[in-house]
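Enquirer: Before anything else, here's the structure in question.
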Amino acid sequence: GVIVNLNSQNNRIGGTLAGERNVISGNVSPGVLIQNGANGTLVQGNYIGTNAAGTAAIANDGGGVGVNNSANVTIGGGAAGAGNVISGHTGGGAISLWGGSMGAVIQGNRIGTDATGTVAIGNRTGISFAGGAWNGLVGGTGAGEGNLIANSTFAGVEIYSGSTGVSVLGNSIRSNGTLGIDKSEHTGARPGK
């Protein structure tokens, strides 16, 4: 779908206004891949893995948003319109971070539902931190910062061994799978597989 790569920094994908929204769906790789020093990337207001109405799945085979070896990436936000809809990825995760990614902020998203937040369009995993992804923030204490994470077939939030300093605050996590939050001892290069 969209790749931000090789030290390309401080880019924005989408925005808080309806006309700024991207629909990023049906790709054979992740919908959005941020990697190799693409620090400060902002992903806001997009429909990732759904149709243009945000009502049905059109999954990306590699998952929704992948962040590899990049710092201070923001996915969503607390402002009106900043949250993404990231749903329908039954073969992978909605958001996966690995490879030493640090300081990610994930806020205000609807993960595993339609755009209204009322209809299930599940992912395998909601949010995964693995391979040393650290110091991330999922949600927050301010208005609009919490994520809705629902209908995951495995875990709503998954934190693998080696990922430290991750804060999970103020979210609504409703998993139809085995776990809401999994602080796991699994190892591996990449989550969600």
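The values are calculated or read from the model by the stated rules, or taken from the named source; none is laboratory data. Quick caveat: nothing in here was measured; it's all calculated off a predicted structure. Cβ coordinates were reconstructed from backbone atoms using ideal geometry, including for glycine residues, and neighbour counts include every protein chain displayed. The accessibility values were calculated without ligands, DNA or RNA, using every heavy atom of the protein model including side chains. Shrake-Rupley method; radii C 1.70, N 1.55, O 1.52, S 1.80 Å.
Enquirer: Order these peptides, 153-166, 124-137, by their mean beta-carbon neighbour count within 10 angstrom, highest first.
Expert: The most tightly packed comes first, giving 124-137, 153-166.
Enquirer: Classify the chain as rounded, prolate or oblate from the Cα gyration tensor: take a ≥ b ≥ c as the square roots of its eigenvalues, call it rounded if a/c is under 1.5, otherwise prolate when a/b beats b/c and oblate if not.
Expert: The shape class here is rounded.
Enquirer: Once you charge only the Cβ atoms, +1 for Lys and Arg and -1 for Asp and Glu, what is the size of the charge dipole of the chain about its Cα centre, to the nearest 20 debye?
Expert: For the chain, the charge dipole is close to 60 debye.
Enquirer: At a threshold of 8 angstrom on Cα-Cα distance, excluding pairs fewer than six apart, so keeping six or more, what relative contact order does the range 1-131 reach in percent?
Expert: Value for the range 1-131: 23 percent.
Enquirer: Separate question: I'd like the antiparallel share, as a percent to the nearest 5, of DSSP beta bridges with both residues in the chain.
Expert: In the chain, approximately 5 percent of DSSP beta bridges are antiparallel ones.
Enquirer: Heavy atoms only, probe 1.4 Å: what % of the accessible area of the range 62-177 goes to carbon and sulfur, would you let me know?
Expert: 50
Enquirer: Take the Cα atoms of the range 100-148, find their three principal axes, and give me the spread along each one in whole Å, biggest first.
Expert: On the principal axes, the range 100-148 reaches 34, 28, 11 Å in Cα extent.
Enquirer: Would you mind calculating the gained length between THR116 and SER29 on full extension (0.36 nm times residue separation, minus the Cα-Cα distance), in nm to one decimal?
Expert: Taking THR116 through SER29 to full extension adds about 28.7 nm, to one decimal.
Enquirer: Considering only protein heavy atoms, what per residue accessible area in square angstrom results for the chain with a 1.4 angstrom probe?
Expert: On a per-residue basis, the chain sits at 38 Å².
Enquirer: Between rounded, prolate and oblate, where does the range 30-90 land on the alpha carbon gyration tensor, with a ≥ b ≥ c its root eigenvalues, rounded for a/c under 1.5, else prolate if a/b exceeds b/c?
Expert: It is oblate, given that a/c is not under 1.5 and a/b is not larger than b/c.
Enquirer: While we're here: Can you say what percent of the DSSP beta bridges in the range 46-156, counting only those with both residues inside, are antiparallel? Round to 5.
Expert: 10
Enquirer: Rounded, prolate or oblate: which fits the range 46-123 when a ≥ b ≥ c are the square roots of the eigenvalues of the alpha-carbon gyration tensor, with rounded for a/c under 1.5 and prolate only if a/b beats b/c?
Expert: Oblate, since a/c reaches 1.5 and b/c is not below a/b.
Enquirer: Here's another thing I want to ask about it. I'd like the antiparallel share, as a percent to the nearest 5, of DSSP beta bridges with both residues in the range 1-91.
Expert: Restricted to the range 1-91, the bridges split so that about 5 percent are antiparallel.
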